[in-house]
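One structure below.
The values are calculated or read from the model by the stated rules, or taken from the named source; none is laboratory data. Note that the coordinates shown come from a computational prediction; the quantities given were computed from them, not determined experimentally. As a convention, Cβ positions derive from the backbone with ideal geometry for all residues, glycine included, and neighbour counts pool all protein chains shown. SASA here: full protein model, heavy atoms, side chains in, ligands and nucleic acids out. Shrake-Rupley method; radii C 1.70, N 1.55, O 1.52, S 1.80 Å.
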Amino acid sequence: GSRGKAVVTISPYYIRDTRIFEIYLALKCFQINKLLGKERIKRKDAEIFLKNLEVPDNGNWRNVFIALSSLALIDDNNLPTFVGSTYANLDYEDFAFEVYNSYIRNYCDTILKIILQRQPTDRNMSLGDIKNDIDSMYGNREVLFLTDSNNRYLSSWLNIMRDDFGAISFQSGKNKRIYTINYEISKYNKDAIKKEIKQRSIAYSYIKKLEELIKI
């Protein structure tokens, strides 16, 4: 590929250094601006407003906007597309399910498979351990947007699986982490996944804060 190395592609979609609920918050903000008649939204202005939410990736709103573009949820004027407007009107658990099911399922399910393979004998893993196991699944080649880029993507996907879906639990800030599977998201249907998200995701306090800021 363009990076000069052979990689495996399991999904063409790009999300890095952000959570799904942060994408949802930005999309809701853009949708409101669209409904107010804005013909173009300046990302800098949106970032200044969104920083009031103090989300975990508060310094990375640029990556949120990149994700919205790569998922085709906003256009060149940063206005929600037809699909983007549809998604912006969903409750968070429906939005998170749609993103999982339509865009990022292969990443999450691959990580879950590796964690399951090591349990119950070895729940204590480093990012390097997970990366090596995933690469082994694909002929010892790195997986685009998952195990390449020095585990940066991998760390982001793990945060999404924990904070957005509540599918796994682990402590941050450690080289070796004990990973606990709360539920096997790949085996759950839509209603069951939504129920787990509502019970386990950290998203809802930030959504409430957005509602308070915009006086919904």
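Annotations for the structure displayed:
- Mean shadow area of the range 103-216 over all directions, Cα convex hull, nm²: 8.5 nm²
- The angle between the Cα long axis of helix 127-137 and the longest principal axis of the Cα atoms of the chain comes to about 70 degrees, rounded to the nearest 10.
- Long-range amide H partners of Arg177 with built H, under 5 Å: Met125, Ser126
- Placed amide H near Val8: partners under 5 Å, 5+ positions off or other chain: Glu142, Val143, Leu144
- Measuring r between the beta carbons of Ser102 and Asn151 and using R0 = 22 Å, the FRET efficiency lands at 0.30.
- The accessible area of Tyr204, taken with all protein chains in place and a 1.4 Å probe, comes to roughly 70 Å².
- Contact order, relative form, for the chain: 25 percent (alpha carbon pairs under 8 Å, 6 or more residues apart, mean separation divided by residue count).
- Sequence of Thr121, Thr81 from largest to smallest accessible area, 1.4 Å probe: Thr121, Thr81
- Of Lys51/Lys208; Lys34/Lys215; Lys131/Lys187; Lys190/Lys215; Lys51/Lys195; Lys28/Lys51, those spanning more than 20 Å from alpha-carbon to alpha-carbon: Lys131/Lys187; Lys190/Lys215; Lys51/Lys195
- Across the chain, the fraction of Cα-Cα pairs farther apart than 32 Å, rounded to a whole number, is 18%.
- Geometric descriptor of the range 8-108, per residue, is 101 Å³ (volume of the convex hull of the Cα atoms).
- Solvent-accessible surface of protein heavy atoms, probed at 1.4 angstrom with all chains present, puts Leu27, Leu79 in the order Leu79, Leu27, largest first.
- Contact order normalised by residue count of the range 39-87, Cα under 8 Å, 6+ apart, percent: 38 percent
- A helix-only calculation puts the chain at -15000 deg cm²/dmol for mean residue ellipticity at 222 nm, using -39500 (n - 2.57) for each DSSP H run of at least four residues, averaged over all residues.
- Once you divide the Cα radius of gyration of the range 152-202 by 2.2 N^0.38 Å, the number left is 1.15.
- Projected label distance in nm at Thr121 and Ser136, using a 7 Å step from Cα toward the beta-carbon: 1.0 nm
- Ligands, DNA and RNA aside, Ile10 has an accessible area near 30 Å² when probed at 1.4 Å.
- Charged-residue dipole, Cβ positions (Lys, Arg, Asp, Glu), the chain about Cα centre, Debye nearest 20: 300 debye
- Per-residue SASA entry for Glu39, accessible area with 1.4 Å probe, Å² rounded to 10: 150 Å²
- Residue-wise HN-Hα coupling along the range 117-126, computed from phi with Karplus coefficients 6.51, -1.76, 1.60 (Hz; x: Gly, Pro): 4, 8, 8, x, 6, 9, 8, 9, 10, 9
- Solvent-accessible surface of protein heavy atoms, probed at 1.4 angstrom with all chains present, puts Val55, Val7 in the order Val7, Val55, largest first.
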